[in-house]
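Participant: Just passing along the structure, written as structure tokens.
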Amino acid sequence: MADTNTPNHIDDEKRTLILTGASRGIGHATVKRFSSAGWRVITCSRHAFPENCPWAAGPEDHIQVDLADPADTARAVAEMRSRLPDGKLHALVNNAAISPKGAKGERLDTLQSSMEAWRQVFEVNFFSTIWLAQGLKDELARAKGSIVNVTSIAGSRVHPFAGAAYSTSKAALAALTREMASDFGPLGVRVNAIAPGEIDTAILSPGTEKIVETIPLRRLGQPAEVAKAIWYLCTEQSSYVTGSELMINGGQHV
């Protein structure tokens with residue numbers, strides 16, 4: 001007899017993922033991984049859905065939202081809920097993040113980062129995660145769903161390219177993941193994080209090749225490899241995993 005307490009045990013149930021920061025890199029790879037498995041993916045980003053995107057379902061399931069604006073985030077949450085007619089959300093992946101740079105592309109340390117930059121970074125990278133999770137709590141609970149927060153290798157040590165506000169926000173997000181796991185657990189919702197290292201995306205900083213020389217695997221990670229880890233944390237394969245932060249960095253910090 002099937003175990004009816006196992007999350008996502010009904011194979012023919014249409015599962016839904018809401019993904020922030022979907023327009024490039026890790027987000028784009030995650031859309032491809034889940035949609036190829038038959039999931040409905042509702043994407044969210046600061047930009048309108050690009051007309052040249054090959055994903056046909058995108059325009060109908062895309063929400064343009066400025067996560068730096070709490071009021072707009074609240075508006076987007078209401079729209080997300082209205083797009084879930086069965087009242088179920090199987091996964092929420094908080095991938096959106098910003099990392100301001102200096103005029104010449106340099107990292108901004110604690111002495112250079114303005115108050116405005118700190119507040120904007122934390123609203124997008126940290127606080128929006130709380131607002132989304134609170135707003136979608138009931139839908140996640142009905143589906144016995146999963147939340148995955150995307151932190152960073154920069155959240156645990158000073159990084160040569162990631163700015164102070166970005167790194168600090170990611171460290172806070174790792175702590176928030178543990179708090180959320182404790183709070184959402186009784187609802188049957190699992191909350192985990194992934195911490196990518198040097199991933200081959202368009203936002204890599206010049207000089208990353210020097211870091212790669214010190215990584216045990218001697219290569220950059222691929223967005224699809226990160227998407228596989230997100231998939232693992234959103235499915236029954238990880239049904240007893242919560243409150244964890246999975247490092248995806250090729251052994252960079254061993």
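Computed from the coordinates by the stated procedures, all read-outs in this text should not be read as laboratory data. In this text the structure is predicted, and so the values were computed from the model without any measurement. Note that each Cβ is placed from the backbone with ideal geometry, even for glycine, and that neighbours are counted across all protein chains shown.
Participant: Please compute the length gained on full extension between VAL241 and GLU79, using 0.36 nm multiplied by the number of residues separating them and subtracting their Cα-Cα distance.
Facilitator: 55.4 nm is the gain from fully extending VAL241 to GLU79.
Participant: Sum up the lysine pairs in segment 16-248 that clear both bars: alpha-carbon distance under 19 Å and a spacing of 8 or more or different chains.
Facilitator: 4
Participant: Mind checking the angle between helix 25-36 and the chain's longest principal axis? C-alpha axes, 0 to 90 degrees, to the nearest 10.
Facilitator: 20
Participant: At a threshold of 8 angstrom on Cα-Cα distance, excluding pairs fewer than six apart, so keeping six or more, what relative contact order does the chain reach in percent?
Facilitator: 21
Participant: Return one number: the angle in degrees, 0 to 90 and rounded to the nearest 10, between the long axis of the Cα atoms of helix 223-234 and the longest principal axis of the Cα atoms of the chain.
Facilitator: Helix 223-234 and the main axis of the chain meet at about 40 degrees.
Participant: From the gyration tensor of the Cα coordinates in segment 16-248, what semi-axes in whole Å does the equivalent ellipsoid have, largest first, with each one equal to sqrt(5λ)?
Facilitator: 27, 19, 19
Participant: Same structure, new question: Give the calculated FRET efficiency between HIS253 and ASP138 to the nearest 0.05, with a Förster radius of 35 Å applied to their Cβ-Cβ distance.
Facilitator: Between HIS253 and ASP138 the formula returns 0.40.
Participant: What percent do you get for the relative contact order of segment 122-250 when only Cα pairs under 8 Å and 6+ apart count?
Facilitator: 30
Participant: Right, another one. So, in nm, how far is label THR110 from label ASP86 when the simple model puts each one 7 Å beyond its Cα toward the Cβ?
Facilitator: Spacing of the two 7 Å Cα→Cβ label points: 4.9 nm.
Participant: Under a plain spin-label model, where a point goes 7 Å from the Cα along Cα-to-Cβ, how far apart in nm are GLU209 and TRP131?
Facilitator: Once both label points are built, they end up 4.1 nm from each other.
Participant: Working out 0.36 nm times the residue gap between ARG219 and ALA37, then minus their Cα-Cα distance, what length gain in nm do you get to one decimal?
Facilitator: The ARG219-ALA37 span can extend by a further 62.7 nm.
Participant: In addition: In terms of modelled amide H atoms, which long-range or inter-chain residues lie less than 5 Å from the amide H of ILE248?
Facilitator: Here the answer is ALA195, GLY197, since their amide H atoms fall under 5 Å of that of ILE248.
Participant: Hey, another quick one. Could you identify which residue out of MET115, MET80, MET180 has the top mean-square fluctuation in a GNM of the chain using Cα springs shorter than 10 Å?
Facilitator: Result for the chain, Cα springs under 10 Å: MET115 fluctuates most.
Participant: Helix 164-184 versus the longest principal axis of the chain: what angle, 0 to 90°, nearest 10, using Cα atoms?
Facilitator: 20
Participant: For the peptides 210-216, 136-142, 39-45, what is the packing order when you average, over each peptide's residues, the other Cβ atoms within 10 Å and list the highest mean first?
Facilitator: So the peptides 210-216, 136-142, 39-45, ranked by packing, come out 39-45, 136-142, 210-216.
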